[in-house]
Amino acid sequence: MSGCAALVLAAGKGTRMHSDKPKVLQTVLGSPMIACVLEALRPIFEGDIWIVVGHGAERVRAAFPEMPCVLQEQQLGTGHALQCALPALKRAGYTHLLVVNGDTPLLSESVVRDFMAQADGADIAFASIELDCPGSYGRVVREQGQVRAIVEAKDYDPARHGSVSGEVNAGIYYCSLCAVEGLLPRLRNTNNSGEYYITDLIALALEENSTVRGVCCGRDANLMGVNTSAELAHMEELLRTRIVDELLASGVIIHAAQSVRVGPLARVEPGAELSGPCEIYGRSLIRRGASVASHCVVNNSHVESGAEIRSFSYLDEALVGAGALVGPYARLRPGAILEEEAHVGNFVELKKAHLGKGAKANHLTYLGDADIGEGTNIGAGTITCNYDGRHKYKTSIGKHAFIGSNTALVAPVSVGDGAFVGAGSVITKDVPDGSLGISRSRQKNLPRKKPE
Ligand code: UD1
Ligand code: CA
């Protein structure tokens, strides 16, 4: 959006969360709160989104390495955060700014667009919401309907500011840089928090006869902020029901919907089937005709059409091809790729392992750094010994091979197309195409001593 940038305030410590993690990295349905905010802003602002970092700056930067950040070394308040960002924003040539608190995880693109449309033309505008209990929110003070100020909860004095109306500041602002530039140096921290409040810009702008607009968004719970663990749980549940309702409306089949948790960045196609309790997080994609059974966690993974994820399976950064079967009790770690119709059964762990079309590893197996060809069968208890304490090595198994039960494949090693490995073997040398590899001591049957 030319000339206008978005600035996400994310430097605060989040003292009320009692956690060492920067507050904006606390998660809702598997995604950091700030990721939800960024997601709402991205379609509007694309590359023009900046983050103010401070407390735990390195962790926030590391979570979003592609985003431009401004450092607020000391967290002296939201007004101070804007002061810190202003020089960089001016240098980048912006004329207008949307400022958003990073702890508003249910923010949506449409709310931002509506607010900006109504704020257009003002020197400074803010979004407000109506709450029965204004709690710790900044109170909007109006006289005959005209905004006079935002007064923070700690500083609110009914004798001076009038009785509380229930209209509170949502923590979203739109301003012209020109208008706020002259006002920011006039912010004072002589208040009950000892902080420089962004909200004081409203009264200062009115003193200058600037155009100030309070855009009331009604009782929109989606604009509430998160300061405490109870608020985090409340907002997470609001988001969960919103997402599940949207999925149901679109035609996703959901059993035990009250215990299905789908993250804001995940996609589930109409005609996919989910059974609660289950969790689908990150940028996961569940295609039409695929199913995820109860007690599964699917994170940043793709499940193609007709694939079945059976109960108690855990998938992280995995790709499950069309018609594949996973679980029950399977663990797919990052880099697990199942081509169509592949089967991975109970107590099987895959890491950076590629299973070709129709390949099977059905019981009690670990396949790491492995390439398994089409139609190959991996017997129960097979282990790729991929790590020697220092380095990881690869195991390659060709097409239509058969690995007998309880085989240890000591990598680097390869087993050729159509090869057969005898059960209980420790394979340290390559097995050529079509050969039988076997390495175990021969069974002897000795005459049994007669019991005394
Ligand atoms: C703020 C508003 C309040 C509003 C509420 C809406 C102020 C002074 N008050 O209060 O009017 O009703 O949000 O949710 O702004 N931050 C920084 N640097 C700092 C301090 C905070 O970047 O020095 C960031 C935080 O990380 C957070 C955001 O600013 O994302 C808001 O800060 P927070 O302390 O949560 O403000 P509230 O008390 O909720
Ligand atoms: Ca807050």
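The values are calculated or read from the model by the stated rules, or taken from the named source; none is laboratory data. These numbers come from a predicted model, not from an experiment. With ligands, DNA and RNA removed, areas are computed over all heavy atoms of the protein, side chains included. Shrake-Rupley method; radii C 1.70, N 1.55, O 1.52, S 1.80 Å.
So how exposed is GLU207, as accessible area in Å² (1.4 Å probe, rounded to 10)?
We get 120 Å² for GLU207.
Using a 1.4 angstrom probe on the protein heavy atoms only, could you order CYS36, CYS385 from most to least accessible area?
On the way: CYS36 10, CYS385 45 Å².
Solvent-accessible surface, decreasing: CYS385, CYS36.
Rank MET235, MET224 by accessible area, highest first, at a 1.4 Å probe radius? Display every interim value, and only then the final one.
On the way: MET235 0, MET224 40 Å².
Of MET235, MET224, the descending order of accessible area is MET224, MET235.
Would you work out what percent of the accessible area of the chain, with all protein chains in place, is carbon or sulfur (probe 1.4 Å)? Walk me through the numbers before you get to the answer.
Values: 10310 of 20880 Å².
It is 49 percent, rounded to a whole number.
Just read off the accessible area of GLU208 with the full protein assembly in place, 1.4 Å probe, to the nearest 10 Å².
Counting only protein heavy atoms, the figure is 100 Å².
To the nearest 10 square angstrom, how much accessible area does ARG148 have with a 1.4 angstrom probe?
100 Å²
In Å², what does the accessible area per residue of the chain work out to with a 1.4 Å probe? Before the final figure, lay out the partial values.
Details: 20880 Å² over 452 residues.
Normalised by residue count, the accessible surface of the chain is 46 Å².
Karplus couplings for the range 369-375 from phi (6.51 cos²θ - 1.76 cosθ + 1.60, θ = phi - 60°), rounded to Hz, Gly and Pro as x?
After applying 6.51 cos²θ - 1.76 cosθ + 1.60, I find 6, 10, 10, 10, x, 3, x Hz.
Among the listed pairs LYS351/LYS444; LYS352/LYS429; LYS90/LYS154; LYS13/LYS351, which are separated by more than 28 Å between their Cα atoms?
Details: LYS351/LYS444 38 Å; LYS352/LYS429 22 Å; LYS90/LYS154 33 Å; LYS13/LYS351 36 Å.
Long pairs (Cα-Cα over 28 Å): LYS351/LYS444; LYS90/LYS154; LYS13/LYS351.
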